[in-house]
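Worksheet for the structure shown next.
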Amino acid sequence: MDAMRILVVEDDRKVASFIQRGLEEEGMAVDVLNDGDDAAMQAHMVDYDCVVLDLMLPGRSGLQVLRDIRVRKPELPVLILSAQGSPEERVAGLNVGADDYMAKPFILAEVPARIRALLRRGKPRDTRLRIGDLEIDTIRRRVSRGGRAIDLKPKEYALLEFLAQHSDRPVTRTHIIEHVWDIHFDSISNVVEVHINSLRNKIDRGAAPLIHTVRGVGYMLTDKPS
């Protein structure tokens, strides 16, 4: 699975910022919208891994957005996050097609845990990625090379996992930005290069290089000789 890209739809900007910060600390790329009409269009146009959806929205309601998603992208996981937490309201959301439902107030750490649970439920996947002597445990988010544990920051881990999911294939800088950062990211910034250099210092130092620059294209993670 690629580094996760999440759409958060929440009209309370403080709550939205709170959720965004928590998910980004888990290495996810997060887009935030505050309007139901914008959310329906964005969910259709962009390839998201999961949508976190409030019910009370300006424009079309959260349930209307959910109905639209189910028509256009029936397999896209949707987690409803709402102050409307009565049993009847939960049943209504689940009947329309929500995959999970969390009532406010909530514990922030539970949101990324619920998202990961939805994605595990939706599609089986290998939980360990191996490229040569590099091993990535995608459940515990642990990385080692040659048996040596490597400590990575959240964005470094997200970038490495994304490259590993595309191992032996070049990945463009734009593709990295879209999946590891978000739609508001400054494309002029050199943050991708900074994170690649940091990964090289931690992954490739004292060993055969796994992270390669593909001139004019981007980067590739591979143990195959060039």
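The values are calculated or read from the model by the stated rules, or taken from the named source; none is laboratory data. Nothing here was measured: the structure is a model prediction, and the numbers come from that model. As a convention, Cβ positions derive from the backbone with ideal geometry for all residues, glycine included, and neighbour counts pool all protein chains shown.
Table for the structure above
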quantity: Selection status of P225, over 28 Å from R120 (Cβ atoms) and either modelled with pLDDT of 90 or more or not in a loop (DSSP other than H, G, I, E, B) (or both); calculated: no
quantity: Filter result for the condition that a residue is of a type outside the set (S, T, Y) and modelled with pLDDT of 90 or more, over D35, D47; calculated: D35
quantity: Pick from the stretch 168-197, criterion touching a strand residue (DSSP E or B) at 6+ places or on another chain (Cβ under 9 Å) and charged (D, E, K, R), ranking: modelled with the lowest pLDDT; calculated: D182
quantity: Elements of type strands (runs of 3 or more DSSP E) in the stretch 61-176, at least 3 residues being buried (at least 16 other Cβ atoms within 10 Å of the Cβ) and assigned by TED's automatic domain parsing to the domain that holds R21; calculated: 78-82, 100-103
quantity: Lone unmet requirement of (1) in contact (Cβ under 8 Å) with a residue 12 or more places away in the chain; (2) closer than 19 Å to M28 by Cβ for R169; calculated: (2)
quantity: Of the criteria (1) outside any helix (DSSP H, G or I); (2) within 20 Å of the chain's Cα centre (by Cα), which one R21 fails; calculated: (1)
quantity: Filtered residues of the stretch 24-40 (kept if in contact with a Lys or Arg (Cβ under 8 Å, 6 or more places away or on another chain), surrounded by fewer than 22 Cβ atoms within 10 Å (Cβ to Cβ) and not in a helix (DSSP H, G or I)); calculated: D31, N34
quantity: Matching residues, the stretch 42-80, being aliphatic (A, V, I, L, M) and under 19 Å from the mean Cα position of the chain (by Cα); calculated: A43, M45, V46, V51, V52, L53, I69, L76, V78, L79, I80
